[in-house]
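Working notes, structure below.
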Ligand SMILES: [Zn+2]
């Protein structure tokens, strides 16, 4: 995600002192490591007459322990029915969780499907309304824990799953989501779009977008279909704004390893962030500089594209290690400009990161920080700028050959999974034949930048 933030986050950062640390951070689920979601099937009907949705989500999972009840993050919408393996089951709701009581004990190792039918107006996570030109639009905006407002899930980055969508909208509107469009049907003035992402992705990256888009296809030299979904009024400018995207995908593909998904959509949307790296469908805000004259958005574009490898394909096991996503995307955006625009541009970006860090860091918190008060607090210069500066210091410490070879090994080993800082440290130590633990600890577990 791009650290260009709407005022609400800046407000949160100011209004959330250490004292509110006891408040529920909404960053966990008791079922983590007790069950493993394998697949979400999300069926949803969205209308342009009001903001109401009707939805049905199948959660296909494997029990990791013997369980007598299950908890899913799900907030706001009315539940119309809840079934498990096609049988009506008891459920109740408490403090943001949907508790499912299966009746019989769920055995460790067994596979099941919980089906939840629901309806209502999502209070967050799926923004249904009008775009800036007054046209009907609906866009998901989940980071960090807002997917729970429009589908039930284990809403934590450690439980990645594949996802399929069946989204019904008034005919004439297009739907974009993660993965490939497998089928489209139209009946009685309504169109249904079927999409599927077969690789496991985190829930905060599972999104749908609905609008009367202008659709512009590009193809990368590695045959990854790259498509722009923008508002018709901004589509010509978007072609200029996104002009380097093909080259960026190609660059990371050859530097790090094969692009992890079967397509990439660049979408003009309603996200509150400067850009949101949703797996295979990056969302940009409707007023992004990418849709205006000039090249002000290209660092954000590179950042969100780099996230497809780091954050999406390799996901941090816990929010406290968000630097594995944001520090990487920040530094890898710099690497694109180093390779393409030269070292002067690279130095400029690094210096700007350092200056921003010096200006905004409290120098009282480490990069790996379990003591945050709210997830939004993690959108800070420790995870972004210091994370990037650390990757650069590590590159200088072990040299380009070991650094790039370690990065490639890390991607190959953890692609479509989760990683911790310890996993990354071990691979980089092996790649450089050096014990890097003290170096990692000094940078990542202590405040400030080492001398
Ligand atoms: Zn980011």
| request: First check a/c for the chain, with a ≥ b ≥ c the square roots of the eigenvalues of its C-alpha gyration tensor; if it is under 1.5, answer rounded, and if not, answer prolate when a/b is larger than b/c or oblate otherwise. | output: oblate
| query | Shape call for segment 204-268 from the C-alpha gyration tensor, a ≥ b ≥ c root eigenvalues: rounded (a/c under 1.5), prolate (a/b greater than b/c) or oblate? | reply | oblate
| query | Which peptide among 151-162, 237-248 comes first, and what is the full order, when sorted by highest mean count of other Cβ atoms within 10 Å? | reply | 151-162, 237-248
| Hey, how many Å between the Cα centroid of segment 107-139 and the Cα centroid of segment 267-331? | 22
| task | Would you mind ranking 99, 443 so that the residue whose beta carbon has the fewest other beta carbons within 10 Å leads the list? | result | 99, 443
| query | Percent relative contact order of the chain, based on C-alpha pairs within less than 8 angstrom and at least six residues apart? | reply | 14
| Using the Cα gyration tensor of segment 214-308, with a ≥ b ≥ c the square roots of its eigenvalues, what is the shape: rounded (a/c below 1.5), prolate (a/b larger than b/c) or oblate (neither)? | prolate
| field | Cβ crowding within 10 Å averaged over residues, with 291-302, 165-176 ranked highest first | value | 165-176, 291-302
| task | For segment 382-451 and segment 54-78, compute the distance between their C-alpha centroids and round to whole Å. | result | 36
| What ranking, highest mean first, results for peptides 104-117, 222-235 when packing means the other Cβ atoms within 10 Å averaged over each residue? | 222-235, 104-117
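Coordinate-derived values only; no laboratory data. Computed from a predicted model, the values in this text were never measured in an experiment. All Cβ positions, glycine included, derive from the backbone under ideal geometry; neighbour counts span all protein chains shown.
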